[in-house]
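What follows is one structure encoded as structure tokens, with my remarks underneath.
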């Protein structure tokens with residue numbers, strides 16, 4: 001689901017519409033509601049903040065893609081254009 005959501009969001013030209021449209025297309029509404037109405041969302045936000053603060057090298061822009069726990073500049077440049085290829089090459 002995570003990879004499908006990221007791919008969906010990257011494929012859309014109007015990023016401001018990506019969340020709503022991808023949630024609907026991937027049938028993630030129930031998971032979204034659970035995240036928003038429970039402590040799950042706050043816990044995830046806190047953990048993602050900690051993860052962001054500990055990135056090596058440090059995050060310099062958004063979106064900052066990490067693969068195998070590392071954000072590598074040349075992978076980010078490539079992943080912004082061909083995300084699935086980059087992921088498959090790292091497996």
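The values are calculated or read from the model by the stated rules, or taken from the named source; none is laboratory data. Keep in mind that what you see is a predicted model, and the values were worked out from it rather than measured. When we count neighbours, we look across all protein chains shown, and the Cβ atoms used for this are built from the backbone with ideal geometry, even at glycine.
Does any residue of segment 61-71 turn out to be in contact with a helix residue (DSSP H, G or I) (Cβ under 7 Å, 6 or more places away or on another chain) and surrounded by fewer than 11 Cβ atoms within 10 Å (Cβ to Cβ)? So far as segment 61-71 goes, yes, one or more of its residues are in contact with a helix residue (DSSP H, G or I) (Cβ under 7 Å, 6 or more places away or on another chain) and surrounded by fewer than 11 Cβ atoms within 10 Å (Cβ to Cβ).
Taking the numbered list (1) without any contact (Cβ under 8 Å) to a residue 60 or more places away in the chain; (2) outside any loop (DSSP other than H, G, I, E, B) in turn, residue 27 passes all entries but (2). Scanning segment 1-24 for residues that are assigned to a loop (DSSP other than H, G, I, E, B) and under 20 Å from residue 87 (Cβ atoms), we see that the one that is modelled with the highest pLDDT is 12. Which ones in segment 37-57 are exposed (fewer than 10 other Cβ atoms within 10 Å of the Cβ) and farther than 25 Å from residue 67 by Cβ? Passing the criteria: 37, 39.
Going residue by residue through segment 72-81, is there one that turns out to be modelled with pLDDT under 70, part of a loop (DSSP other than H, G, I, E, B) and more than 15 Å from residue 10 (Cβ to Cβ)? Within segment 72-81, one or more residues are modelled with pLDDT under 70, part of a loop (DSSP other than H, G, I, E, B) and more than 15 Å from residue 10 (Cβ to Cβ).
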